[in-house]
Amino acid sequence: MNVVVDIADYAVTAEAGASLITYSLGSCIGMTIWDPQAQVGGMIHYMLPESSLSPAKAKASPAMFADSGVPIMFRAAYKLGAEKKRMIVKVAGGSQLLDDKGTFNIGKRNYVMLRKIFWKNGILIDAEDVGGSVSRTMRMDVNTGRVTIKNRDGEREL
Amino acid sequence: MRNAQDIVDQIGSLPPLPSTAIKLMNVLGDPQSSVAHIVDAIKYDQAITTQVLRLCNSAYFGLSRKVTSLDDAMVCLGTIKVLQLVMSVHTSSALSKEQHGYGLDPGVLWKHSVAVALASAVFAQKTNLANANLVFTAGLLHDIGKVVLNQYVADEFVEIVRRVSDEGLAFCEAEQQVLGFSHEEIGGMIGRTWQLPEPIVLCIQHHHVPSALETPDPLVDVVYLADCVCLLFGIGLGEDGLSYRADSAVMDRCDLRESDLESVGLTVLDELKRVEQLFATTPSAACKQPAVH
């Protein structure tokens, strides 16, 4: 089954044969987690780094923000039997406009916030395809943990 | 450049916007016009009046009584809301088709256009823009040039992307070099062919580099920022992606901060979901399926 993860949303699943997919990543970040032993996979598509921008929206849709969404996704995966030490983490997105002065740097700040959260929690990123100015589609096969990224240059495994 | 004349010829063969839409835009562009003028511009178009009334009576607006006339609709929902509906309906058929050259599935360009229109209206309010009536339509039509340039971009896609990747060009600069025109230039020409009000044509034509205008134009600035927000948040994003130049001077001119862009993005995402539901549940609307990119 294909599960489409919308902007400001996340999904975790232990369903055999499931695929998680998210489209149209601009400056947003798509992140996948996979526990090969528990066969649990998760994906989030968050928009912005910090929920302090709108606590009300963060309450309604925690996956809108990195700081409210990422912990919630990890906890949901733990409930399905995943464990932090086995988790394989992959990251994509964080694109930017062609910018000489760093005015519209949401993509970069989104990525920096994730690194900060991971550093605090002792989580390593296994693979990433971040930055540039392309639109990306991210897909994960929950059986194999295989993650692919598609952009205008084609599709490749991450 | 061999395509240049072909491309210009295509502009003429593009189905024009309904005359009601053009009339309405001209009424809106005239600071002297009143609600009565606006109703006059629409009311003789039976098809659009029926559609507007159907949309007004949909569950989306949750009105307690049935709206039966345009005057009534303007009283219940406000002139701006009704006008936004009229223009969204008018542009949906022109913008809903697949644009494969840009990697846009059916409905995605319309989704992007509506999002930019909504964001333009929010920015207009934030910056106290005087001519806010036109800005929604300018946002709706900003990418109309893509409809004509689509096939040519598809044919030269590899070369355009090579110039973007290897030479650091913006996508529209690469279009200009390879095809002789960028989608904004073509959009501007379409706007003039359709005799749209000049402020709208300016927005279409300069929506990627507003600071290139000799005299900065607040309407163009607002549409530019709205487009940036939608590109950043991936709303109706195509294969051109975010390969456009950031124009930081606009932020200074509008006296906005990055957090303003972020909050506009959140607002627009909410509004867009509501509009998509509205059009998805109204069988008469041309865009029956909201864009599932």
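Every read-out reported here was derived from the displayed coordinates using simple, explicitly stated rules and does not represent laboratory data. These numbers were taken from a predicted model, which means no experiment stands behind them. Note that we place each Cβ from the backbone using ideal geometry, even for glycine, and neighbour counts take in every protein chain shown.
Some observations on this one:
- For the range B:135-203, chymotrypsin sites (Phe, Trp or Tyr not before Pro) are listed when DSSP marks them as loop and at most 16 other Cβ atoms sit within 10 Å of their Cβ; the list is empty.
- Three-way shape label, the range B:77-133, alpha-carbon gyration tensor, a/c 1.5: oblate
- When B:Thr49, B:Thr91 are arranged by Cβ crowding within 10 Å, least crowded first, meaning fewest neighbours, the order is B:Thr49, B:Thr91.
- Among the trypsin sites (Lys or Arg not before Pro) in the range B:248-277, those located in a DSSP loop and surrounded by at most 14 other Cβ atoms within 10 Å of their own Cβ are B:Arg257.
- Chain B: DSSP helices with Cα axial extent of at least 30 Å and average Kyte-Doolittle hydropathy no lower than -1.0: B:258-280
- Mean separation of Cα contacts under 8 Å, 6 or more apart, over the residue count of the range A:2-157: relative contact order %: 28
- Neighbours of A:Ala16, meaning other residues whose beta-carbon lies under 15 angstrom from its beta-carbon, give a summed charge of -2 when Lys and Arg score +1 and Asp and Glu score -1.
- Cβ-based exposure ranking for B:Lys43, A:Lys85, in which fewest neighbours within 10 Å come first: A:Lys85, B:Lys43
- Gained length - B:Val8 relative to B:Tyr44, 0.36 nm times residue gap less alpha-carbon distance: 9.7 nm
- Each of B:Leu63, B:Leu129 has some number of other Cβ atoms within 10 Å of its Cβ, and from fewest to most they run B:Leu63, B:Leu129.
- Per-peptide packing, taken as the mean over residues of other Cβ atoms within 10 Å, places A:150-156, B:205-211 in the sequence B:205-211, A:150-156 from highest down.
- Helix axis angle, A:106-121 relative to chain A longest principal axis, alpha carbon, degrees: 40
- Put a dot 7 Å past the Cα of B:Gln125, heading toward its Cβ, do the same for B:Ile80, and the two dots end up 0.6 nm apart.
- Among A:Gly131, A:Gly42, A:Gly30: highest mean-square fluctuation, GNM of chain A, C-alpha pairs under 10 Å: A:Gly131
- At full extension, B:Asp166 and B:Ser248 could sit 27.1 nm farther apart than now, given 0.36 nm per residue minus the alpha carbon distance.
- Entries of A:Lys79/A:Lys116; A:Lys57/A:Lys150; A:Lys90/A:Lys120; B:Lys126/B:Lys146; A:Lys57/B:Lys273 with Cα pairs more than 19 Å apart: A:Lys79/A:Lys116; A:Lys57/A:Lys150; B:Lys126/B:Lys146
- With only the Cα atoms considered, chain B has a convex hull volume of 123 Å³ per residue.
- Stretchable slack from A:Ala56 to A:Phe118, in nm (0.36 nm times residue separation minus alpha-carbon distance): 19.9 nm
- Helix A:66-79 vs. chain A, principal-axis angle (Cα, 0 to 90°, nearest 10): 0
- Shielding score for A:52-62, defined as the mean number of other chain Cβ atoms within 10 Å: 2
- Summary of packing: across the peptides B:219-225, B:32-38, the per-residue average of other C-beta atoms within 10 Å ranks them, highest first, as B:219-225, B:32-38.
- Shown is the FRET efficiency for A:Glu157 and B:Asn26, computed with R0 = 56 Å from the Cβ-Cβ distance and rounded to the nearest 0.05: 0.55.
- Shape call, chain A: gyration tensor on alpha carbons, a/c limit 1.5: oblate
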